[in-house]
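First up is the structure itself, then whatever we jot down about it.
The values are calculated or read from the model by the stated rules, or taken from the named source; none is laboratory data. All of these numbers come straight from a predicted model, not from anything done at the bench. Ideal geometry is used to build each Cβ from the backbone, glycine not excepted, and the neighbour counts take in all protein chains shown.
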Amino acid sequence: MIKRASGLLLLLLLLPALGRAEWLSDQASVMGTRINVELWHEDRALGELAIATVIDEFKRLDEKLSPYKTDSELTLVNRMAAEVAVDISSELFHLLQESHNYAKLTQGAFDITFASIGHQYDYRTGKKPNQQSTRQALPLIDYRHIRLDAKTQTVRFLRKGVQIDLGGIAKGYAVDRGIALLRERAIEHALISAGGDSRLIGDHRGRPWHIGIQAPRKKAAMAAVLPLADTAISTSGDYERYFEADGVRYHHIISPKTGHSAKNVQSVTILGPNATRTDALSTSIFVLGAEAGMALIDSLDDVEAVIIDRDGQMLTSAGLDSFH
Ligand code: ADP
Ligand code: MG
């Protein structure tokens, strides 16, 4: 009798050490944005390891895809591809192919060659290109200047001066990579977000996750809160990286046609099956504007949209109510 009781006591004392199921989370600053990973795990140490693995994956992708790091693979492409066909990793090749597909789908609204103008901005210091340099760079913005060769896995720019930037798709891709790493570890409840790009595994243990859509013109206020599970969601807004000069709002989403910041809407939120898709489409629909953008979303059966138009009115796609 005494023996059994002490055995039980010992077991109770050991339980915390064996690990308790609980919510765990961590944040980091990578890819110029805030990364947040939150998950439920039966074992605290394994859960924390899983979170660290996701954050390391973001760092790996930042080293590879940043246009600002002098030794990234993307910088090598920007430096060399107008001269020679550059041999690239299958991962970068895949992302360039995806970017090409979104450029075609959106009739050029999504275009990673926006960079020849985009890179002339500095939103923190208020630096912007003048009319002449915008005019000179505009003909360089065209995804058809990028030649991808699947056989040799090379990329070539057909014009001198073309520059690319994956800022409209890389964070979504990184979120998807992080989700894949969590799935490999059999994690059933998790959220990864990178700035405006998020993806959820499962629900919040019996309740949905609640994901807010920022009110574009009110700091820290929500325009809507969506109950969600098992989905990706991305928001592109004109309020994150911007400055104002002479009454004009200069922000980080560039219309490839005009070379200026797209100004038809205040924010676009896309829900869909993965964050690469929702990221690319949120940037694209922002450029396309409310009418053409909503028409595209309604023509695709795996995505929904919440658009806050230039007057601050909220518009939702046809299937949003039944989206889960
Ligand atoms: P963020 O989460 O960084 O706010 P968004 O998904 O809203 O990103 O996309 C904005 C980013 O996309 C810009 O910072 C830039 O790197 C890139 N970008 C801007 N204009 C375009 C465009 N027309 N096509 C593709 N990418 C773009
Ligand atoms: Mg995007």
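Look through the stretch 286-314, keep the residues that are touching a residue at least 60 places away in the same chain (Cβ under 8 Å) and within 11 Å of ligand 1 (Cβ to nearest atom), and return whichever of them is surrounded by the fewest Cβ atoms within 10 Å (Cβ to Cβ). My answer is Leu288. Residue pairs whose Cβ atoms lie under 9 Å apart, sitting 6 or more positions apart in sequence or on different chains, and linking a residue in the stretch 164-190 that is closer than 21 Å to Met31 by Cβ and free of Cβ contacts under 8 Å to residues at least 24 places away in the same chain to a partner that is within 16 Å of ligand 1 (Cβ to nearest atom) and among the aromatic types (Phe, Trp, Tyr), do not occur here.
On the stretch given as the stretch 99-122, residues that are touching a residue at least 40 places away in the same chain (Cβ under 8 Å) and closer than 18 Å to Phe286 by Cα total 16.
Ala224 meets the conditions (1) within 14 Å of ligand 2 (Cβ to nearest atom); (2) among the aliphatic types (A, V, I, L, M); (3) farther than 30 Å from Tyr143 by Cα in every case but one. The failed one is (1).
The number of residues in the stretch 273-314 being more than 23 Å from Gly178 (Cα to Cα), β-branched (Val, Ile, Thr) and within 12 Å of ligand 2 (Cβ to nearest atom) comes to 2. Residues that are modelled with pLDDT of 95 or more, surrounded by 14 or more Cβ atoms within 10 Å (Cβ to Cβ) and within 16 Å of ligand 2 (Cβ to nearest atom) occur in the stretch 153-165; there is at least one.
Residues Arg241, Arg199: which one is within 14 Å of ligand 2 (Cβ to nearest atom) and in contact with a Phe, Trp or Tyr (Cβ under 6 Å, 6 or more places away or on another chain)? Break it down into steps so the answer makes sense when it comes.
On the way: Arg199 fails: in contact with a Phe, Trp or Tyr (Cβ under 6 Å, 6 or more places away or on another chain).
So the residue among Arg241, Arg199 that is within 14 Å of ligand 2 (Cβ to nearest atom) and in contact with a Phe, Trp or Tyr (Cβ under 6 Å, 6 or more places away or on another chain) is Arg241.
Scanning the stretch 188-215 for residues that are farther than 15 Å from Ser282 by Cβ and surrounded by 19 or more Cβ atoms within 10 Å (Cβ to Cβ) yields His189, Ala190, Leu191, Ile192, Leu200, Ile201, Trp209, Ala215.
Could you grab me the full set of residues in the stretch 160-194 that are in a loop (DSSP other than H, G, I, E, B), over 30 Å from Met80 (Cβ atoms) and either β-branched (Val, Ile, Thr) or not assigned by TED's automatic domain parsing to the domain that holds Ser25 (or both)?
Step one: of the stretch 160-194, the residues in a loop (DSSP other than H, G, I, E, B) are 160-169, 185-189.
Retained after the next criterion (residues that are over 30 Å from Met80 (Cβ atoms)): 185-189.
The one that is in a loop (DSSP other than H, G, I, E, B), over 30 Å from Met80 (Cβ atoms) and either β-branched (Val, Ile, Thr) or not assigned by TED's automatic domain parsing to the domain that holds Ser25 (or both): Ile187.
Restricting attention to the stretch 61-105, the residues being under 17 Å from the mean Cα position of the chain (by Cα) and under 30 Å from Glu291 (Cβ atoms) number 9.
Within the stretch 70-93, residues that are touching a residue at least 12 places away in the same chain (Cβ under 8 Å) and acidic (Asp, Glu) sit with their Cβ atoms under 8 Å from residues that are surrounded by fewer than 16 Cβ atoms within 10 Å (Cβ to Cβ) and part of a loop (DSSP other than H, G, I, E, B), at 6+ positions apart or across chains, in these pairs: Glu73/Ser89; Asp87/Thr152. Among the residues here, Lys218 does not qualify as within 16 Å of ligand 1 (Cβ to nearest atom), surrounded by fewer than 23 Cβ atoms within 10 Å (Cβ to Cβ) and over 20 Å from the mean Cα position of the chain (by Cα). All of (1) within 9 Å of ligand 1 (Cβ to nearest atom); (2) within 25 Å of Asp176 (Cβ to Cβ); (3) of a type in the set (S, T, N, Q) hold for Ser255 with one exception: (2).
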